[in-house]
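Structure, as structure tokens:
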Amino acid sequence: MKRIIFGLIICLIFSCKSEVNESLDHIKTTDILERNDSNKIRVLNFGTAHLSHTSDANSSMINLKDPKELEDLKKMVKKIAEFRPTVILLELEPKNNQYIKETYEKYKVDQTHRLNYSDELNSIGLEVGRLSKTERIYGIDSQIGFDYPSLIELANQNKTDSLFVTKMMGYYKKLNSLKLKEQFIEMNTKQSKMKTFNFYNFLATQHSENNYEGAKVISEFYERNLRMYSNLNDLQLTKNDRIFILAGATHTAYLDIFIGNSDKFQLENPAIYTNF
């Protein structure tokens, strides 16, 4: 009798173990399928610091005259080129596409030919294209005025809101003071992107009595990012394409949400390409 009971216990243990293993196998398989869905177009949505002076509210202090920083930039670009993008999208408007194409063709032969915009478009965008032999490079931006300072001014009129602004400004100051590698790692984390997304949502709540200044300004910025997403969707693409988007980190925060909830696209993990 004891042998029978013992045998039943052993059977139950192995049965349970088998069910657990099957469950884990299912999870792993599902996870792999989600990461490698062959019917979706892979997108590396990569946030960048501006590598030359811009009018952005928060500017990076990366010094490319520092040999170590320049070397890290080259390593990162080579790492991104391993993604082998078939299409590269830059933070320029589509009206510049002919200029981008002509400059890129010259750049592939002689790297002194540059786009006359913030230098990350050249040092990262065009260089990734050259290394990976990408044939298609376009602009997807759609400029809209953005009165960011007025919302900060409104927020600073309230003590609690002012403290939150100070906290966020401290975060951006620290981020912008990091060395190139650490800065690109941080700005491309989901946590950092959502921190910025939340901050802009906070700014949307700022207003004077009987007005909705914050909602108006942030909705215009939201529209700019939706236009960028619309420009992405206008492209003739197949499931064999691999898209590399290079844009300011705030834009990539919005694009992550749009692209990540699309049945057409599959987001790549940018952390893979800052690990060099």
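The values are calculated or read from the model by the stated rules, or taken from the named source; none is laboratory data. Note that the structure is predicted; figures quoted are calculated from it, not measured. Note: ideal-geometry Cβ built from the backbone for every residue, glycine included; neighbour counts use all protein chains shown.
Take the stretch 168-186 and flag every residue that is outside any helix (DSSP H, G or I) and either crowded, with 17+ Cβ neighbours inside 10 Å or of a type in the set (A, V, I, L, M, F, W, C) (or both).
Selection gives LEU178 alone.
In the stretch 187-276, which helices (runs of 4 or more DSSP H) lie fully inside it and hold 2 or more residues that are within 23 Å of THR160 (Cβ to Cβ) and touching a Ser or Thr at 6+ places or on another chain (Cβ under 8 Å)?
Counting at least 2 such residues, we get 190-204, 213-234.
Being in the same structural domain as LEU180 (by TED's automatic domain parsing), at pLDDT below 95 and of a type in the set (Phe, Trp, Tyr) narrows it down to one residue among PHE258, PHE265, PHE276; which is it?
PHE276
For ILE124, are the conditions met, namely being in the same structural domain as LEU255 (by TED's automatic domain parsing), touching a strand residue (DSSP E or B) at 6+ places or on another chain (Cβ under 9 Å), modelled with pLDDT of 95 or more and not in a helix (DSSP H, G or I)?
So ILE124 fails the test.
In this structure, does GLY260 turn out to be in contact with a strand residue (DSSP E or B) (Cβ under 8 Å, 6 or more places away or on another chain) and under 25 Å from ARG130 (Cα atoms)?
No, not satisfied.
Determine whether the stretch 78-85 contains at least one residue that is over 26 Å from ALA253 (Cβ atoms) and modelled with pLDDT of 95 or more.
Checking the stretch 78-85: not a single residue is over 26 Å from ALA253 (Cβ atoms) and modelled with pLDDT of 95 or more.
Kindly check whether there is at least one residue in the stretch 97-104 that is touching a residue at least 24 places away in the same chain (Cβ under 8 Å), assigned by TED's automatic domain parsing to the domain that holds ASP241 and in a strand (DSSP E or B).
No, that holds for no residue.
For ILE88, state whether it is buried (at least 19 other Cβ atoms within 10 Å of the Cβ) and assigned to a helix (DSSP H, G or I).
No.
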